[in-house]
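The structure appears right after this line, and notes come after that.
Nothing in this text is a laboratory measurement; each read-out follows from the coordinates by a stated rule. Predicted model, so just to flag it, every value in this text is computed and none were measured. Glycine gets a Cβ as well: all are built from the backbone with ideal geometry, and neighbour counts include every protein chain shown.
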Amino acid sequence: MSASVLSSDPARSSTPTQSSTTGIPGSNVPGASAPGPSNSSSGGPPSQNFSTLVSTILKTTGKEPAPLVGPSTTIVNDVLYVFGGRALQSRATPKLTNDMYALDLVTRVWKKLETRGQIPPPRYFHSVCALGDSKLVCFGGMSPAAGAGSEAANATGDGTQQAPGTVADTPEVMVMSDIHVFDIPTYTWTFIPAIDPPEGRYAHCATILPSSSFYSQADGVAQVLENSHRLDGYGGAEMVVVGGQDSANHYIEEINVFNLRSLQWISKAPLARSCGAYRSVVAPLGNRLAVSQIGAGTDASGQAEGGHNQALKEPGAMLIYSNYNFLDVKLALQLRLPDGTLEDRPMNGPHTPPGLRFPNGGVLDNHFVVSGTYLTSSKQEYALWALDLRTLVWSRIDAGQVFTNGSWNRGVVWNRRSSFLILGNKNRSLVDDYNHRRINFSNLCKVDLEAFGLYENWRNQSHPAVQKTYSPAAEEFGKMFMQMPELCDMEFICLEGETIPVNSRLVAKRWGQYFIDLLNNTKNDSDRAVSIATITPASFAGSSAASTLTGDKRDAFLPTPANYNPLDRPRALYFPHSQPIVAALTEFLYTGSLPPPGDTSVQAPILCSLLQIARPYRIEGLLEATVERIHQQLDGKNAAAVFNAAATAAGSGSGIEAVYNYNPAEDVKEDKGEEESGEHTVAMPPLPGSYEDDEWWESVNIIGLQKRGLRGLMEGRRMRERGKSIGGPGARPDMEKEKDKMQGLEGGMRGMNMGN
């Protein structure tokens, strides 16, 4: 590893009104430490009276980390991991740590993990990136110099201790370029020796560009090292390290790439720009947008005819966002292509973010969300902005007054829940904590980005090894199958008597336990050659565990001539829904997706109906796909219908959970083949921190859509109020009634927000 001795500490105290000394990340940036006057471009759209519904300060329990300087914060699934940092729990002995903490974002309980293996040395201002759903990769930062313990690194020559955030100007810490991999299921660290590592650095930016070739087992890396395998790295995930500062606090203007398949540093390219944690943030583009769609406008579509995203064919692109010269803020956005080429992309629009110090962010849906500390002589707060990657236009995310008080220090995107989380302390001073680079963990603020239309179907964005959507070939096969009635042995009967032919085996395999239990129920009671099973979610909601709909688990296998007598098996399934709703449901069962956007057969009323039946019918993936499509089509005309449908859907489904007593762990069995397996064939084993099958997750998913529907109603009300105000006093009674109604809706939503 590369190790250079530092002469000072990057966490040295500096005030926003004084020039900072060496050692602070970004300290050599002109105007970095002295906030200038408020930027004229920092304003945003008019604030909406919606903040109490979209931003919530949550209470956490358990063993939370002490206040830290320079820790890493990384979300994997539904767990936030905090590693390293300089502890500031007391003014007597601030010290570097290598502790790993985990916050369950669903239960909001902190836990200190008992790690094992080759634990990295204590460090801060390092990076930790998520590798798939089971690994964390730690790189760089600053650690105690060889032979100097963490206690010694914080003591002066005469043995006295320094104040939090400061150390003596003695060579006791060094910059690192080592790599360690943390296996989440086993809490095990593994050191990765590498040939010809780059220059050691701290306060850099790093991210991992995903692929399907990383190691998914705890001993995967060890096997390669023990057997001296030299893999070519083709198709492997890559950790991209951007910028950072060296031991002399100079910016390292280069991009380094480490291949996580071959475990080798594979490239070094000039950056020609100063980037680091103080002023920059990097994020993988993901598979939501193709590179050609960046800045191409909202009319550019990445959807194939079958609804599959063509951007999936262009992995490996990433964004590099920087803001600098805080006296006269300059913004820069670069797009790094899969071949390593850098392209500058100009940003548009009447509003742009102010200078954000220590920015954090990520890509959600079609937007790049960024946050950071905003300090001027007249304003000190934590700010949150979003860049539409299709138009490259900025908009401010109005979280209300929650960030104007307290100290909010570190933000991170929670992609699986379409939210943004900010760590801090609501009772401390933002300026004081910024001066000491202090990160607090006492409070957690959650901003629901879904209420602003930023929603991402996590089933489509997951790693290919765990995603639950079908491939384009499977979608095409499903469409062909739908056009072959001669292969169908069953009918779906609609409300008006229309019939839709289906193949019971394919439906059972893709629908799963709910459909199989319906067949079992009719099998036990039927004495007719042709029977009809009636599906009625409303009556199911009141069922008990003793209901015959529960079904015998031993009979929970796919229908075949061997286990179902063709003369006894039901040939029709009645749905109390209109034909367009059942047709859309059937297409989803066959293809794993809804009809493509713009298809006139699936309009907002149909989607609202699908939203209400998704949870009771237990069709995996239908809820997320429906919510995603509604977000795409929601406007002022259908906001009321969406709000009502979401309110109804949020209250359904709990009875089904009780009826089937569903346990995801029971779905994970040894491979016994399709004929013998009696389990849900679509469900995947639960991952650490994964709650996708819980009632909690489904409720939150719908409530986010409900909040956006309410926001549309509120905006419509304001427009009507402005129009009625022209009509004089006669319009006032109606306005007051509507205002009282909206306040009642806001109060109900506020209660739901606090409960989740």
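Things to note:
- For TRP385, TRP110, the sequence from fewest to most other C-beta atoms within 10 Å is TRP110, TRP385.
- For segment 597-611, 3J(HN,Hα) computed residue by residue from phi via the Karplus equation (6.51, -1.76, 1.60; θ = phi - 60°) reads x, x, 5, 5, 6, 10, 9, 4, x, 5, 5, 5, 5, 4, 4 Hz, glycine and proline entered as x.
- Among ASP246, ASP183, ASP196, ASP388, the order by Cβ neighbours within 10 angstrom, fewest to most, reads ASP196, ASP246, ASP388, ASP183.
- Residues whose amide H lies under 5 Å from that of ARG618, counting only those 5 or more places away or on a different chain, are absent; hydrogens are built 1.01 Å from N in the peptide plane.
- In nm, spacing of pseudo-spin labels at THR298 and ILE57 (7 Å Cα→C-beta vector): 3.5 nm
- With the simple model of a label 7 Å out from the Cα in the direction of the Cβ, ILE266 to LYS330 spans 3.3 nm.
- In terms of surrounding Cβ atoms within a 10 Å radius of their Cβ, CYS129, CYS494 rank from fewest to most as CYS494, CYS129.
- R0 of 56 Å, Cβ-Cβ distance LEU342-ASP489: FRET efficiency to nearest 0.05: 0.45
- When each of LYS111/LYS135; LYS135/LYS330; LYS59/LYS95; LYS112/LYS135 is checked by Cα-Cα distance, pairs over 24 Å: LYS135/LYS330; LYS59/LYS95
- Between the alpha-carbon centres of segment 374-426 and segment 66-133 there is a gap of 22 Å.
- Long-range HN-HN contacts of ILE75 with modeled amide H, under 5 Å: TYR81
- Close amide H contacts of PHE441 (hydrogens built in the peptide plane, cut-off under 5 Å, sequence separation of 5 or more or a different chain): none are found.
- For LYS637 and ASP246, a Förster radius of 51 Å and the Cβ-Cβ distance give a FRET efficiency of 0.35, rounded to the nearest 0.05.
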